[in-house]
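Peer 1: Mind looking over this structure? Questions follow.
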Amino acid sequence: MSHLVSPSLLAADFGNLAKDINLINESLADWIHCDIMDGVFVPNISFGFPVIEQVKKIARKPLDVHLMIIDPDRYLSRFHDAGANILTVQYEACNHLNRTAAEIRRLGMKAGVAMNPHTPVSLLKNILPYIDMVLIMTVNPGFGGQSFIMESYSKISELRKMIDDGKYDVLIEVDGGIDTRNARKLIETGVDVLVAGNSVFSSEDPAGTIRKLKNLD
Ligand code: DX5
Ligand code: ZN
């Protein structure tokens, strides 16, 4: 499978979100990454259901929704109704991850589990058969525009081996500080999905940057 690119709306122009969603629609991007922050799990607040519903009306690509919130179980069906296609919860925010992942799938979405930089991927051993994606946070979640944490490479390699050894149908996504300079090495290390916020929307040519992230040479 060739890798996927999921531009993060967190770095888009919220005064004219329709313009940036259309830009993604017309680009080589595969998904649209939506970051939901509650001000408790992470020290920042982003946006919620009304914004996702509007994004969904315009988007022609699947919504890849990343929940950085405590107690996500309370809102799974609302995120489904708002238009999420892939719903990712933080490992650290779930007491009953099996139940949460099963409910996400039952609602008809792909189930993702995100891990903070300090959380070892070995903890995923017993959940891999029940999920569709692991999101390795390559910065501490909460803000766009941070620097990529280099130790992430060894986590990705370890997870790649776990997934391949177990023959699981699970994608590896990375999120935080991804740009056209580190993308190739990430894909070579075993990543399937690149999330990119600032490197796309702060560039001179966002569609061109998406194309470069997609067609790495
Ligand atoms: C960070 C979010 C990211 C963020 C990435 O907590 O989960 O999705 O938008 O932004 P960049 O690509 O600018 O690091
Ligand atoms: Zn994210």
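Peer 1: State all residues of the range 64-81 that are aliphatic (A, V, I, L, M), open to solvent by less than 70 Å² (accessible area, probe 1.4 Å) and within 19 Å of G142 (Cα to Cα); if no residue qualifies, say none. First the steps, then the outcome.
Peer 2: Applying the first criterion (aliphatic (A, V, I, L, M)) to the range 64-81 yields 65, 67-70, 76.
Then keep just the ones that are open to solvent by less than 70 Å² (accessible area, probe 1.4 Å); that gives 65, 67-69, 76.
Within the range 64-81, V65, L67, M68, I69 qualify.
Peer 1: Turning to a different aspect of this structure: I need the full set of residues from the range 33-44 which are within 14 Å of ligand 2 (Cβ to nearest atom) and open to solvent by 40 Å² or more (accessible area, probe 1.4 Å), in order please. Reasoning before the result, please.
Peer 2: To start, the set of residues in the range 33-44 that are within 14 Å of ligand 2 (Cβ to nearest atom) comprises 33-38, 41-42, 44.
Answer for the range 33-44, where residues must be within 14 Å of ligand 2 (Cβ to nearest atom) and open to solvent by 40 Å² or more (accessible area, probe 1.4 Å): D38, F41, N44.
Peer 1: Considering only residues that are over 23 Å from S46 (Cα atoms) and surrounded by 23 or more Cβ atoms within 10 Å (Cβ to Cβ), which ones fall in the range 187-209?
Peer 2: Of the residues in the range 187-209, the ones over 23 Å from S46 (Cα atoms) are 187-192, 204-205, 207-209.
Residue satisfying the conditions is V191 alone.
Yes or no, residue by residue, for (1) more than 12 Å from ligand 1 (Cβ to nearest atom); (2) under 22 Å from R211 (Cα atoms); (3) among the hydrophobic types (A, V, I, L, M, F, W, C):
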| residue | (1), (2), (3) |
| --- | --- |
| S2 | yes, yes, no |
| S6 | no, yes, no |
| L17 | yes, yes, yes |
| I21 | yes, yes, yes |
| E26 | yes, yes, no |
| H33 | no, yes, no |
| N44 | no, no, no |
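Peer 1: I would also like to ask the following. What do you reckon, is V195 hydrophobic (A, V, I, L, M, F, W, C), part of a strand (DSSP E or B) and within 12 Å of ligand 1 (Cβ to nearest atom)?
Peer 2: On the way: hydrophobic (A, V, I, L, M, F, W, C): yes; part of a strand (DSSP E or B): yes; within 12 Å of ligand 1 (Cβ to nearest atom): yes.
Yes: the conditions hold for V195.
The values are calculated or read from the model by the stated rules, or taken from the named source; none is laboratory data. In this text the structure is predicted, and so the values were computed from the model without any measurement. Please note: Cβ atoms are built from the backbone with ideal geometry, for glycine as well, and neighbour counts cover all protein chains shown. Only protein heavy atoms, including side chains, enter the accessible area calculation; ligands, DNA and RNA are left aside. Shrake-Rupley method; radii C 1.70, N 1.55, O 1.52, S 1.80 Å.
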